[in-house]
1. So, counting K/R as plus one and D/E as minus one, what does the shell of residues with Cβ under 14 Å around residue A:69 add up to?
2. Taking Rh as the Kirkwood radius computed over C-alpha pairs, what is the Stokes-Einstein D of the protein assembly as shown at 37 °C in a medium of viscosity 0.692 mPa s, expressed in µm² per second?
3. Mind checking the angle between helix A:15-27 and chain A's longest principal axis? C-alpha axes, 0 to 90 degrees, to the nearest 10.
4. Report, for residue A:50, each distance to the same residue's label point in the other copies, shortest first and in nm; define the point 7 Å along Cα→Cβ.
5. Below 8 Å between Cα atoms, with a sequence gap of 6+, how large is the relative contact order for chain A in percent?
6. So, counting K/R as plus one and D/E as minus one, what does the shell of residues with Cβ under 11 Å around residue B:132 add up to?
7. Evaluate the charge dipole of segment A:115-173 about its Cα centre and quote only its size in Debye, nearest 20, assuming +1 on the Cβ of each Lys and Arg and -1 on the Cβ of each Asp and Glu.
8. Give me D for segment B:32-116 in µm² s⁻¹, whole number, from Stokes-Einstein with Rh from the Kirkwood sum over alpha-carbon pairs, 10 °C and 1.306 mPa s.
2 protein chains.
Amino acid sequence: MKKISVDMDGVIANVYNQFMSMHKEEFGTEISPQDLEGKFETEVFPEALKYVNSKGFFRNAPLIEGCQNVLERLNDRYKVFIVSAAMEFPNSLAEKHDWLREHFPFILWQQIVFCGSKEIINADIMIDDHFKNLNSFSGDTTLLFTQPHNILTDPGKHTRVNTWEEIANILLT
Amino acid sequence: MKKISVDMDGVIANVYNQFMSMHKEEFGTEISPQDLEGKFETEVFPEALKYVNSKGFFRNAPLIEGCQNVLERLNDRYKVFIVSAAMEFPNSLAEKHDWLREHFPFILWQQIVFCGSKEIINADIMIDDHFKNLNSFSGDTTLLFTQPHNILTDPGKHTRVNTWEEIANILLT
C-alpha cells in the first residue's frame, strides 16, 4: 500500500483565513488573496508571527474545502500520514493534535507526524504547498497545492493541484 | 551527510527510572531491572498507563548515561533527528519538546520528529530499543539499544548496543 504524506497548513487547514481575519480585527483593513500572491505570510501581515503564536490560531482554523471527504476515501486506499512542520511553533503541537482529532477521527495517532524538516519523511506521494518540502522529497509523486504564495511560480517537476477534487481525480481514479 | 534517527524513551530518556520510582512511591515495593527482563512496562507496572499520562513523567525523566556528549559529537558528523513515537500520548508532546530544549540545546527544531508509526521515517541509521521500529526501517544500519524488555531476545540482523560509549565506538571511529 503506497504511503501519502499530507501537509496540514495550507493543504487541509486554512491558515490564510486565520491570518486575514486576525489582521482585519487588529488593523481594520482587509488583505485580499491577490495581495498575497507570490509572497510569504510574514511579508504581508506585519504581525504574522504574533498570530501564529496566539492561542486558538491553529485550533480554530477552518478546513480547506473538500479535504475531509477525499482524505477519508484516500485513507481506504493508501497509508495516509498527516505530516506537519509543527515543531517551528511548539505551542501549536497540542492545538494541531486536537484539531486533527476533531475533524479527522478516522486518522489514527499512528498516522500523525509533527516534524521540523520534512527531509526525514519516507513516502511515495507528497501533497504540500511549499516547494522546499516537495523538492527534498524522495518519493515519486509530488502534488503542489495551490496557495497564493506559490501561485506565481512554475511548478516545474511537481503537479499543481488547485482543489481536493483535483487530488481525488489524480489519486482515486 | 548520513541521517540518524535517534529514539527518545529508553535511548536518551530514562523512562524506566520514572516507572520504578513512581511504582515505589505508590506501592512501597521495589521493582528491579531483573523483574523487567523480557517484559513490556505494562506487564510489570499495574499503573503504567497512569504514570505515562501523569504530569511530569516525561519532563522529569533522567538522561541515559553518556547520551548528551555522544549526541553532540554525532551532530557534527551526521544529520541527527530525534524521533519519538510521542503521538500515542499527546499530553507528552509539550513535555518532550521542553525536555529536549533543556538537555540538547544543540538539537534544532528542524531535527525533532514526534510521530506515531516510524515506518514513515527516511534515514540511514536508526538507534531504537524496539524491534517493531528497527524491523520496518528502510535504512541500512540498525542499532538495538539494550533495555530490559529486549534483553532476552536475539538481536538478529540488528547490532545490539548497551551504552552510548558503544554507539560512539561504532559511529564515531
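1. In short, -3.
2. Result for D is 152 µm²/s.
3. Orientation of helix A:15-27: about 0 degrees from the principal axis.
4. 4.6
5. Contact order relative to length: 30 percent.
6. Values: positive: B:118; negative: B:119, B:128, B:129.
Here the charged neighbours net out to -2.
7. Details: 4 positive and 8 negative charges, 29 e Å.
Value, rounded to 20: 140 debye.
8. 109 µm²/s
The values are calculated or read from the model by the stated rules, or taken from the named source; none is laboratory data. No experiment lies behind these values; they were computed from the predicted model shown. No Cβ is skipped: glycine too gets one built from the backbone with ideal geometry, and neighbour counts run over all protein chains shown. For the accessible areas, the whole protein counts, side chains as well, though only heavy atoms, and no ligand, DNA or RNA atoms are used. Shrake-Rupley method; radii C 1.70, N 1.55, O 1.52, S 1.80 Å.
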